[in-house]
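Derivation of every value follows stated rules applied to the coordinates shown; laboratory data play no part. Computed from a prediction, not measured in an experiment: that's the story for all the values here. A quick note on method: Cβ atoms are made from the backbone with ideal geometry, for glycine too, and the neighbour counts reach across all protein chains shown.
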Amino acid sequence: MKRVQSGMTERPDRVRLDRLLLERGLAESREKARAMIMAGAVRVDGRTADKAGTLVAPSAVIEVIGRPHPYVSRGGLKLEAALDHFSIQVDGLTLLDVGASTGGFTDCLLQRGAARVLAVDVGYGQLDWRLRQDPRVLVFERTNARYLLPGDLPGPIHGAVVDASFISLKIIVPPVSRLLTPSSFIIALIKPQFEAGKNEVGKGGVVRDPACHRRVVEDLTGFFQTTGWTPLEAIPSPILGPKGNREFLICLKRTEASGPAKKFDTAV
């Protein structure tokens, strides 16, 4: 456990928690500081913090508990949980990261031994600088995965991880599928707020009803089964999404490679 108390130098009355973590050398970047906070690994004056923007006194006692955050963003912790649960080995594989953003999923795949990661995102300038410099990472920014065709990316591509926002997985998974090898897999992050009906999404874009969570997961499961994939299971993400949204991780295997579909348990 790291425990640091600031000196007596004059500072403003209040400062953002993520900034203070960076200033005290408890995090390598603001993004990593935010990830640590959202993962519940930061205490302020003995109480667990849950918001990066929390304003705290410069003299506050800050503790980082457990192991240091291992990835460039907390997304890596989500994928880590899925790879472990589904016993997915990525050593030596070429993999596609759809919705790479800062690169939490990409970082996790590299640390698990992936030979190469194709980081695709519609945005620009979001990927962590360290990952940009890694020769194992090929960056495809301002690129919409929906419109990629076989041959647009260097292959063969043995699997994909998907963390997309403001779009349903029903729209993004089919075009991603055509880029992958016949024995491939997909691990996708299910975000109910982008799958549920408008009447099911509450104030601030949060879906709180567990029954809605289950309907979303079951609906996606049925859809994937009609597109050549066998859903193995869906598990709750170990970390809540933005604004406290519950998210789920689903693993898909090619139907021809995994045999008949099993009875599906959403684990919701």
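Plugging the Kirkwood radius over Cα pairs into Stokes-Einstein for the chain, at a temperature of 25 °C and a viscosity of 0.890 mPa s, what D comes out in µm²/s?
The Stokes-Einstein estimate is 125 µm²/s.
Using a 7 Å offset from the Cα along the Cα-to-Cβ direction at both residue 214 and residue 48, what is the distance between the two label points in nm, to one decimal?
Here the modelled spin labels are 2.6 nm apart.
Just to be sure I understand the model, the point goes 7 Å from the Cα along the line to the Cβ. What's the resulting residue 166 to residue 124 distance in nm?
If labels sit at residue 166 and residue 124, their model points lie 1.5 nm apart.
On a 0 to 90 degree scale, rounded to 10, what angle separates helix 75-85 from the longest Cα axis of the chain?
Its long axis makes an angle of about 50 degrees.
Run the simple label-point estimate for residue 132 and residue 144 please: 7 Å along Cα→C-beta, distance reported in nm.
A separation of 2.4 nm, rounded to one decimal place.
Within 10 Å, at most 12 other Cβ atoms, and a DSSP state outside H, G, I, E, B define an exposed site. Report the longest part of the chain free of exposed chymotrypsin sites (Phe, Trp or Tyr not before Pro). Don't skip to the end; give the middle numbers.
Working: sites that count: 124, 166.
Looking at the chain, 1-123 is the longest stretch - no exposed chymotrypsin sites (Phe, Trp or Tyr not before Pro) with at most 12 other Cβ atoms within 10 Å.
Return the loop-located trypsin sites (Lys or Arg not before Pro) in the range 180-217 (DSSP other than H, G, I, E, B) with at most 11 other Cβ atoms within 10 Å of their own Cβ; answer none if there are none. Spell out each step's value before the answer.
Numbers: sites: 198, 203, 208, 214, 215; in loops: 208.
When the trypsin sites (Lys or Arg not before Pro) of the range 180-217 are filtered for loop state and at most 11 Cβ neighbours within 10 Å, nothing remains.
Using 0.36 nm per residue, how much length does the chain from residue 19 to residue 240 gain when fully extended, once their Cα-Cα distance is taken away? Don't skip to the end; give the middle numbers.
On the way: separation 221, 0.36 × 221 = 79.56 nm, distance 2.17 nm.
Value of the extension gain: 77.4 nm.
Would you calculate, for the chain, the mean residue ellipticity at 222 nm contributed by helices, counting each DSSP H stretch of 4 or more residues as -39,500 (n - 2.57) and dividing by all residues, to the nearest 500?
Value at 222 nm, helices only, nearest 500: -7000 deg cm²/dmol.
Test of understanding: what is the full-extension gain from residue 206 to residue 61, defined as 0.36 nm times their sequence separation minus their Cα-Cα distance?
In short, 49.0 nm is gained.
Considering only Cα-Cα distances, which of the following residue pairs are longer than 24 Å: 191/253; 78/253; 198/243; 32/253; 78/191; 198/253? Numbers along the way, then the final one.
Working: 191/253 20 Å; 78/253 19 Å; 198/243 17 Å; 32/253 32 Å; 78/191 13 Å; 198/253 30 Å.
Result: 32/253; 198/253 exceed 24 Å.
Any chance you could give the angle, 0 to 90 degrees and rounded to 10, that helix 210-225 forms with the longest Cα principal axis of the chain?
40 degrees
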